[in-house]
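Take a look at the structure below.
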Amino acid sequence: MIRHLLSAADLDADNATLVLDTAAEMANLAGREVKKLPTLRGRTVVNLFYEDSTRTRISFEAAAKRLSADVINFSAKGSSVSKGESLKDTALTLQAMGADAVVIRHSASGAPHRLATWVDGSVLNAGDGTHEHPTQALLDAYTMRARLGRLDGLAVAIVGDVLHSRVARSNVLLLHTLGARVTLVGPPTLLPVGVDAWPAKTSYDLDAVLPDADVVMMLRVQRERMDDAYFPSVREYSRRYGLDAVRMRKLPEHAIVMHPGPMNRGMEISPDVADSPRSTIVEQVANGVSVRMAVLYLLLGGQHK
Amino acid sequence: MTTYLIKGAAIVDGSATDLLIRDGVVAAVGRDATGRGAEVIDADGLVALPGLVDLHTHLREPGREDAETVESGSRAAALGGYTAVCAMANTDPVADTAGVVEQVYRLGRAAGLVDVQPIGAVTVGLAGERLAELGAMATSAARVRIFSDDGHCVADPRLMRRALEYVKAFDGIVAQHAEEPRLTVGAQMHEGDVSARLGLTGWPAVAEEAIIARDALLAEHVGSRLHICHVSTAGSVEILRWAKQRGIRVTAEVTPHHLLLTDTRAESYDPVFKVNPPLRPSADVAALRAALAEGVIDVVATDHAPHAVEDKECEWGYARPGMLGLETALSVVRSVGLSWDAIATRLSRVPARIGGLTEHGQDPAPGVPANLTLVDPAATWTVDPAALASRSRNTPYAGMTLPARVVATFLRGSPTVLDGKAVR
Amino acid sequence: MGHPRTAGPAAGKTILTSAELARVVDRIAHQILEKTEGARDCALLGIPTRGVPLARRLAARIEAFEGNAVPAGVLDITLYRDDLRLRGTRALGPTSLPTDGIDARRVILVDDVLFSGRTVRAALDALKDLGRPRVVQLAVLVDRGHRELPIRADYVGKNIPTALTESVHVLLTEVDGLDEVRLEEKH
């Protein structure tokens, strides 16, 4: 197994499948009376969060605690981090504390890669800038497999602000590795220059993509993007790229609707779609803990000292 | 003043000869070169080049003496084979007055390792709003001829036009940092496949090319000289070729790093590879090499940009752009295949002419100022950041083995480097 | 773990042949019947990899001898091991318990070889998180000695005195394609 999880590209098909299979076993534990496992007893997992993301932090924290690891939450607010301590100095502090794993969330793309050069423990990327969010992709893949029974050959449409989305980047890489066919859909301004090199198709027309999609994943679109002229107005965006009940009818009967959260209801997704039985949004959260347990176990369980 | 007899150096036409250096000038060349009491330097197998001239150096003094000083940068330059460097204006305070350019000039004289020729800012505080007192800098002791807001583009077309016109009064030249700022808001690296994958905001080639095209047309319109700093794209080369064919008085430089490194270096997220303009894909690198061979690009300039450790050992997005260059430039251009004659042309003769540095860029001949460098063409060396003379460590070539090593450098007849070591 | 063991002709000394192994399994089944009043309230839990088919065989033999069905499940102990740091991560196996659970039952853990006792310790820890059996017992095909923990088996197929330089290989048709127990010198 790999030492760090910095990018979804770090996982080949065998390792990615191992994570998903392990997560499935971890999910079985969720139904037990005693949910805690002794597996990572004596190991220290640091959640180093430079960005507010309560849901991701809690998910990693729950995962680490269920495996009996000691969890230290190191958040940028109210710590030396906000007083201008450099990432490197923070890394050296964590190193001195004997962190076996550092889960890092950072607004700068590549911050986890830098951290990995300064600490001995495993580094898990919990979202870096506009780069990647590999555990989100793993839990998305897990959710798709759980709902639809397979990943190989699935048609997945990822819709919205691909340019700024770490979720999209990780999903494209992981889903391609696992044999799914990805189509990226959005206004041309929100698809990056260079997207042609990705293992995915692109489209500007959501209505044309929906009838053949097994999965449609709606990305969060920040209203502020409007100010930078990525699109003219919220109304126009949601009319062209939002998923509402009318548009959802174009999907095949079995297709599911995903969203990495947090949602902008009424922008990229309408409330009735978000709350429909096709939506996996709540499952995604639950699956997040199982997937993160699997990743922590596989990265840390086998760490040779 | 010691007299030196350099024996057996190959001059750029390839023949081995002797050079007598006395009283700051080349006193004799060839069989005539004998001097009683001269200190003999065995230059068998070495190449003698006119001392290198850098049109684009950041010395960081005043303001960031922790990153570089005029003296440490001068030493790095001498070790790299340079006898003159043009110091960019983006210091703190900005070199936008006669006072600051004279300070830098005097610090350069005091260090005495290379001629430090200050570049003056085009606009006050590099803010791109009002012209700095260009005339006062031109007539100061520093005799400034090159003006640049480097680090920033003179983006306002009207202001750029005025600057181009105004410097004609004292045969000045505006060196433009070509970057349309509205197209590079938040930019971190070349916009293309790699930036898309790495999730780093892209710096599109068009942001450079649009400014070069605009400024070439402006220079034509007002009949001025224009110099383009650190050209980095194939598209820029096309525009420059067109401008030169049209007779526009435009010159251009390329950096060693843009001739060797590509944007894939960013995959490490190590900001030692973050630079402005950014490293480009291999097609651009190939076009830049061809343009230099063809003469569409006139010179190689280092854009030596020292940065303190804390400005580089951090997240890519927070790091300052720029890389060291003075001590590696010669070896890097050699590694990409430049002949010794091409090196003499692109790193000495032409930059000296563009910068108006009349004492530099001359091949050794009786009577010319003895500014020259001796290079061991057969040597190779491995770049060790800690062994560099610069105060900073941000070389992108760490660990690389490069060809050719400077053995000695003479500034007006005095050695600044001997046996590959700075004399002081 | 989980892969068939190589069965070259020169690989060590045969301790139990296929027929002997079958007799040993029968004997353990009889012992269980004797000591548990006909295997009443029993559940057999095999420890992967080879404890699982052994548990199934024991259940089948018990049923053949007495006619009563004994549930046989699987107890994966990977997440309870104390040697993760030394031996690295392994893929998790499924755990399957009898449908009506293990509470108040007599649980008999089944494994192929009893050695240091650490596997059994991990199994006891895992069991504790799954329910509260009335009694927990241990059945092993081979006890090779060298215990590192105060653990002993209630049902032993064969005691094999070994040196630490030796290793005991239990081969089972379900996993390895043949039935045999071998003693080999470690490489």
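Of the trypsin sites (Lys or Arg not before Pro) found in segment B:176-251, those that fall in a DSSP loop while having at most 11 other beta-carbon atoms within 10 Å are B:R246. If I take R0 = 25 Å and measure r between the Cβ atoms of A:I58 and C:D83 in this structure, what FRET efficiency does the formula 1/(1 + (r/R0)^6) give, to the nearest 0.05? For R0 = 25 Å, the calculated efficiency reads 0.20. Note the direction-averaged projected area, equal to a quarter of the hull surface, for the Cα convex hull of chain B, in nm². If you wrap the Cα atoms of chain B in a convex hull and average its projections, you get 18.3 nm². For B:A10, the residues whose modelled amide H falls within less than 5 Å of its own, excluding neighbours fewer than 5 places apart on the same chain, are B:T17, B:G45, B:L46, B:V47, B:A48.
Note on segment A:134-283: Cα Rg divided by 2.2 N^0.38 Å, N the number of residues, gives 0.94. Neighbours of B:G413, meaning other residues whose beta-carbon lies under 9 angstrom from its beta-carbon, give a summed charge of +1 when Lys and Arg score +1 and Asp and Glu score -1.
Ranking A:Y142, A:M1, A:G31 by how far each Cα lies toward the positive end of the dipole of chain A (charges on Cβ) leaves A:G31 at the top.
Looking at chain A, identify the longest residue range that excludes and avoids all GluC sites (Glu not before Pro) in DSSP loops having at most 15 other Cβ atoms within 10 Å. Here the longest run is A:86-252.
Annotation: amide H of C:I15 within the under-5 Å range of C:V181, C:R182, C:L183, sequence separation 5 or more or interchain, hydrogens built in the peptide plane. Calculated on C-alpha atoms, the gyration radius of segment B:77-235 divided by its Kirkwood radius gives an Rg/Rh of 1.01. Run the reach check for C:K35 against lysines, Cα to Cα strictly under 24 Å, same-chain hits fewer than 8 apart removed. What comes back? By straight Cα distance, C:K35 reaches C:K128, C:K158. Rounded to two decimals, the Cα-based Rg/Rh of chain A, with Kirkwood Rh, is 0.97. Backbone amide hydrogens, once placed in the peptide plane, bring C:K158 within less than 5 Å of C:V142, C:D143, excluding anything fewer than 5 places away on its chain. For segment C:95-156, the average shadow cast by the Cα convex hull is 4.1 nm², which is a quarter of the hull's surface. Beta bridges per DSSP, both residues in the protein assembly as shown: antiparallel share near 30 percent. Phi-derived couplings, Karplus 6.51 cos²θ - 1.76 cosθ + 1.60 at θ = phi - 60°, listed residue by residue for segment C:14-27: 7, 9, 10, 7, 4, 5, 5, 4, 4, 5, 5, 4, 4, 5 Hz, with x used for Gly and Pro.
Rounded to whole numbers, the Karplus 3J(HN,Hα) couplings from phi for segment A:7-14 are 9, 4, 6, 5, 9, 7, 4, 5 Hz, using 6.51 cos²θ - 1.76 cosθ + 1.60 with θ = phi - 60°, and x at Gly and Pro. What 222 nm value per residue comes from the helices of chain C, counting each DSSP H run with n ≥ 4 as -39,500 (n - 2.57) and dividing by all residues, nearest 500 deg cm²/dmol? The per-residue figure over chain C is -9000 deg cm²/dmol. Working from the Cα coordinates of the protein assembly as shown, the gyration tensor eigenvalues give, after taking √(5λ), semi-axes of 70, 35, 21 Å in decreasing order. Cross-link partners for A:K88 among the lysines, with Cα-Cα distance under 23 Å and sequence neighbours closer than 8 places in the same chain left out: A:K77, A:K305, B:K274, B:K312. Straight-distance candidates among the lysines for linking to B:K421, with alpha-carbon spacing under 26 Å and chain neighbours fewer than 8 residues away dropped: B:K7.
For segment C:35-122, GluC sites (Glu not before Pro) are listed when DSSP marks them as loop and at most 13 other Cβ atoms sit within 10 Å of their Cβ; the list is C:E37.
Per-residue 3J(HN,Hα) values for segment A:58-70, derived from phi via the Karplus relation 6.51 cos²θ - 1.76 cosθ + 1.60 with θ = phi - 60°, read 5, 5, 5, 5, 4, 4, 5, 5, 5, 9, 6, 6, 7 Hz in sequence order (x marks Gly and Pro).
Since every read-out is calculated from the coordinates, none of them should be taken as a lab result. Since the model is a prediction, treat every value here as computed from it, not as a measurement. Virtual Cβ from ideal backbone geometry, glycine too; neighbours counted across all protein chains shown.
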